[in-house]
Amino acid sequence: MAADSIKASSFTERKNCVENMLLRVASSDAVVKSQQRGEPDLTAAEKVSILQKILDKSPGSFLMRFGNYLVEDDLGNFEHLIADYEIAFRVKEVEKALDTKKKKVGVRNRRFECLQRLMKNSDYFSEEQMRKRSPLLYEQYIGQYLSEEEKFERDKAEIGHDPSLSELLMSRQEKQMDEWLLEYQRDQENCTEEESESGSDTPEEEVETGSPLKGCPTEQEKLMLHEEFLSVMQDKFIRGEEQEFDYSTVDANTEYDDLKIRERDEEEQYFDSED
């Protein structure tokens with residue numbers, strides 16, 4: 001009786017796991033059935049029913065079509081079929097894809113932790129440093145709205161004192177170089193936009209790369225633009241687009257892992273080795 005009870009419990013558990021997997025795939029953007037134009041959208045229950053039939057008929061086909069929508073726990077639903085070469089091959093593919101996703105998430109988390117430390121312990125995300133790294137973005141969000149007096153005060157603050165004649169001349173030369181760089185970057189963006197427009201047969205919504213706001217912004221709007229500029233620069237850092245930053249010092253560095261996550265991973269690794 002005890003053995004029968006265990007078998008029944010195991011069967012129920014596996015059934016629940018399969019149902020959860022099918023519901024997850026049905027709730028995603030996976031195409032479970034080709035539909036004609038004008039046909040009503042499939043309900044969640046209809047999608048689950050179709051997925052169940054595909055799984056029953058050909059587990060290998062199910063893995064091939066919907067493997068990208070599975071999570072690690074779902075692979076236990078195919079353990080009893082692993083002797084089949086195709087199933088084993090498909091499961092390996094899904095495992096590789098999940099491992100790649102996990103690594104990408106890990107890299108992103110490490111970059112985020114590094115960002116937090118840079119924000120707290122350095123001037124990397126100061127307005128001055130961000131302006132130097134991305135002068136065109138700075139001009140779009142902040143620079144174009146500054147008065148001459150505000151620009152002078154900004155430059156004086158960056159120097160740290162009232163500028164001498166030589167410093168003024170140097171600042172003017174740097175300003176001319178910045179203006180040249182801005183024009184060059186604008187020309188590059190315009191060329192890219194023209195190429196994308198000429199290569200498209202259908203009209204697309206115009207992407208605006210100039211002023212985020214029309215007219216003269218209020219002080220509140222200027223503050224909002226400062227926050228947006230910081231957010232854009234933070235996103236660039238997370239995506240790995242800061243060309244002068246050495247991401248190799250972060251992406252493979254476990255020192256940037258969340259301590260609780262690291263302890264959990266080490267604990268799981270220990271028990272896996274014990275098994």
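Where a number appears in this text, it was derived from the coordinates with a stated rule and is not lab data. From a predicted model like this one, the values you see are computed outputs, not experimental measurements. We place every Cβ from the backbone using ideal geometry, glycine too, and count neighbours over all the protein chains shown.
Taking a threshold of 21 Å on the Cα-Cα distance, which of the pairs Lys104/Lys236; Lys103/Lys236; Lys120/Lys156 fall above it? Working shown, then result.
On the way: Lys104/Lys236 16 Å; Lys103/Lys236 19 Å; Lys120/Lys156 24 Å.
Listed pairs above 21 Å: Lys120/Lys156.
In a Debye calculation with equal point scatterers on the alpha-carbon sites of the stretch 7-79 and no solvent, what is log10 I(q)/I(0) at q = 0.17 Å⁻¹?
Rounded to two decimals, the profile gives -0.64.
For a protection proxy built on the mean count of beta-carbon atoms within 10 angstrom, sort 72-80, 143-151 highest first, please.
Values: 72-80: 15.6, 143-151: 12.3.
Descending packing order for the listed peptides: 72-80, 143-151.
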